[in-house]
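Inspection log for the structure reproduced underneath, given as structure tokens.
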């Protein structure tokens, strides 16, 4: 299966929204136990997630649970939920050390896949070790919390260094390309597209969503144009029929061009049509 392009958050204490989120077209939904849930509602949210996941275990590949961070008072109970319910994908907020990922994997004692959220200065400093930890599926950049941690001005140039570090760490660890942070402006399609384009410039291939409206916008922005798809198909057809160097439209077709064409067609497969 292609890796998700969109990860749609839904509050863990709003089980009436779980089915709607699953039907919204996102590649994955993130049942949130952290920021979206008040302390008094954490236990109720865990119970709601456990009950719903039991019924929807056939959709496990599309379900991620964002637990509370390793230093929170709810961490141990969240890990117990993952183990008892058999939840296989977990988003770990404020990941700053490889040992935090190791702790999740050891506690769940199953084929759990971790999506570490890199959203602090320490997380960026240690991102290579985090990416290399056993059980990591792909990295996620928590841009809003990172900006708060460093007191950034709001100029996106402040995200260039951490975005580069996260993308390079992902590639060196042979992980799937990382996931970009949320765009708070729910209805601002231009802003969503600009944020996605900024992240893709560094090698990110997916994005967090906070509303179903954002899902289709992101899929459309990622999907290659018909012209790009036609070009890629021509390149691969020409390369398959050539024993050596070939030319297309007066340009040399070499290995990097073939890889680019393959990447375009992979994006066609990953981004839902419509």
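Please treat every number below as a calculation from the coordinates, not as lab data. Because the structure is predicted, anything quoted here is derived from the model rather than measured. Cβ placement follows ideal geometry from the backbone for every residue including glycine, while neighbour counts extend to all protein chains displayed.
Conditions tested, residue by residue: (1) more than 22 Å from residue 27 (Cβ to Cβ); (2) within 23 Å of the chain's Cα centre (by Cα).
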| residue | (1), (2) |
| --- | --- |
| 172 | yes, yes |
| 187 | no, yes |
| 194 | no, yes |
| 202 | no, yes |
| 217 | no, yes |
| 223 | no, yes |
| 233 | yes, no |
| 240 | yes, no |
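For residue 179, state whether it is out of contact with any helix residue (DSSP H, G or I) (no Cβ under 9 Å at 6 or more places or on another chain), surrounded by 15 or more Cβ atoms within 10 Å (Cβ to Cβ) and within 30 Å of residue 93 (Cα to Cα).
In short, no.
Could you list, in sequence order, all residues of the range 113-141 that are under 12 Å from residue 94 (Cβ atoms) and in a strand (DSSP E or B)?
116, 117, 118, 140
If you go through the range 145-160 one residue at a time, do you hit one that is touching a strand residue (DSSP E or B) at 6+ places or on another chain (Cβ under 7 Å) and closer than 21 Å to residue 195 by Cα?
no
Whether any residue in the range 142-150 is under 19 Å from residue 34 (Cα atoms) and not in a helix (DSSP H, G or I) is what I want to check.
Yes: one or more hits.
Only one of these is farther than 24 Å from residue 62 by Cβ and under 19 Å from the mean Cα position of the chain (by Cα): 151, 181, 123, 158. Name it.
Result: 123 is the single residue among 151, 181, 123, 158 that is farther than 24 Å from residue 62 by Cβ and under 19 Å from the mean Cα position of the chain (by Cα).
Out of the range 201-230, which residues are under 13 Å from residue 264 (Cβ atoms), surrounded by fewer than 17 Cβ atoms within 10 Å (Cβ to Cβ) and in contact with a helix residue (DSSP H, G or I) (Cβ under 9 Å, 6 or more places away or on another chain)?
Correct list: 228, 229.
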